[in-house]
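Colleague: Have a look at the structure that comes next, please.
No value in this document is a laboratory result; all are computed from the given coordinates. As the structure is a computational prediction, the values presented were derived from the model and not from experiment. In this analysis, Cβ positions are derived from the backbone assuming ideal geometry, glycine residues included, and neighbour counts consider all displayed protein chains.
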Amino acid sequence: KQEVTQIPAALSVPEGENLVLNCSFTDSAIYNLQWFRQDPGKGLTSLLLIQSSQREQTSGRLNASLDKSSGRSTLYIAASQPGDSATYLCAVGRGWQFYFGTGTSLTVIP
Amino acid sequence: SAVISQKPSRDICQRGTSLTIQCQVDSQVTMMFWYRQQPGQSLTLIATANQGSEATYESGFVIDKFPISRPNLTFSTLTVSNMSPEDSSIYLCSVSVEGGTEAFFGQGTRLTVV
């Protein structure tokens, strides 16, 4: 069974800092990997989707990379802002099924 | 993309009662999924809802506890039956337009059982 791990579990940074969130998965036979943002008590907002044939995707200040052979993905957030404070989840997709990591809780301090 | 509306957004229920959660999508989708997120945990898939057939449940989840309906390609319901405090979670509806593509989520239903 696919297992997805996210490190660190929690992160606190001052505003303006660049940061990296990590996601690792055990089975490299994936279709895609998706990064989500979750605000407290809310649903999930999709940030970036990387297909298995791609190495990275970018959206604004966010950049996600995928190294399928090593079972790793990173989410890079540039020039962090207090509004970025949320939990970030990565999910590995195979067919219709997604397997979720445990999340990284990010706090950006003004 | 797909826009998902989930109702109710939150509820506080008495132990032993049941709650039905509705999920409406703005376009026709083949597969709909129901997830549970227990406090401080990540998402766990409960079941996959297919139109015109019985839902497929993941290990640890049973139809008697979590009956699911899928009457058409834009709508599904999840019922949490005979609730106990351990059922207090966020329940999320999700869709994918087709396999291997982006997943979209509703805003979730925050359930508290007292």
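Colleague: Are there cysteines in chain B with no second cysteine's Cβ under 4.7 Å away, and if so, which?
Modeller: B:13 - these cysteines have no disulfide-compatible partner (Cβ-Cβ under 4.7 Å) in chain B.
Colleague: Could I ask something else about it? Please sort A:11-21, B:45-55 by packing, taking for each peptide the average over its residues of neighbouring beta carbons within 10 angstrom, highest first.
Modeller: B:45-55, A:11-21
Colleague: So what J values fall out for region A:95-110 if you push phi through Karplus, 6.51 cos²θ - 1.76 cosθ + 1.60 with θ = phi - 60°, rounded to Hz, Gly and Pro as x?
Modeller: Result, ordered by residue: x, 8, 8, 10, 10, 9, x, 7, x, 10, 8, 9, 10, 9, 8, x Hz.
Colleague: Right, here's the next one. Show me, for region A:65-77, the HN-Hα J-couplings you get by feeding each phi into the Karplus relation (A = 6.51, B = -1.76, C = 1.60, θ = phi - 60°), rounded to Hz, glycine and proline as x.
Modeller: Coupling constants for region A:65-77: 10, 9, 10, 5, 5, 9, x, 9, 9, 10, 10, 9, 10 Hz.
Colleague: Let me ask something else. In terms of Cα to Cα distance under 14 Å, which aspartates and glutamates are near enough to residue A:42, apart from those fewer than 8 places away along the same chain?
Modeller: Counting by Cα, and skipping residues close in sequence, residue A:42 has these aspartates and glutamates nearby: B:11.
Colleague: Just how far, in whole angstrom, is region A:82-110 from region B:28-99 if you go by their alpha carbon centroids?
Modeller: Centre-to-centre distance over Cα atoms comes out at 20 Å.
Colleague: Please list, or write none, the aspartates and glutamates whose alpha carbon is within less than 20 Å of the alpha carbon of residue B:7, excluding same-chain residues fewer than 8 places away.
Modeller: A:39, B:26, B:87
Colleague: Straight-line reach from residue A:68: which lysines have Cα under 27 Å away, leaving out those fewer than 8 places along the same chain?
Modeller: Output for residue A:68: A:1.
Colleague: Give me the inter-chain shielding for B:36-44: mean count of other chain Cβ atoms within 10 Å, whole number please.
Modeller: Mean shielding by partner chains, rounded to a whole number: 4.
Colleague: When 1/r is averaged over all different Cα pairs and the result inverted, which Kirkwood radius in Å belongs to the protein assembly as shown?
Modeller: Numbers: mean 1/r = 0.0556 Å⁻¹.
Roughly 18.0 Å, rounded to one decimal.
Colleague: Just A:97, A:81, A:38 to compare: in a GNM of chain A, with alpha carbon springs under 10 Å, which one fluctuates most?
Modeller: A:97
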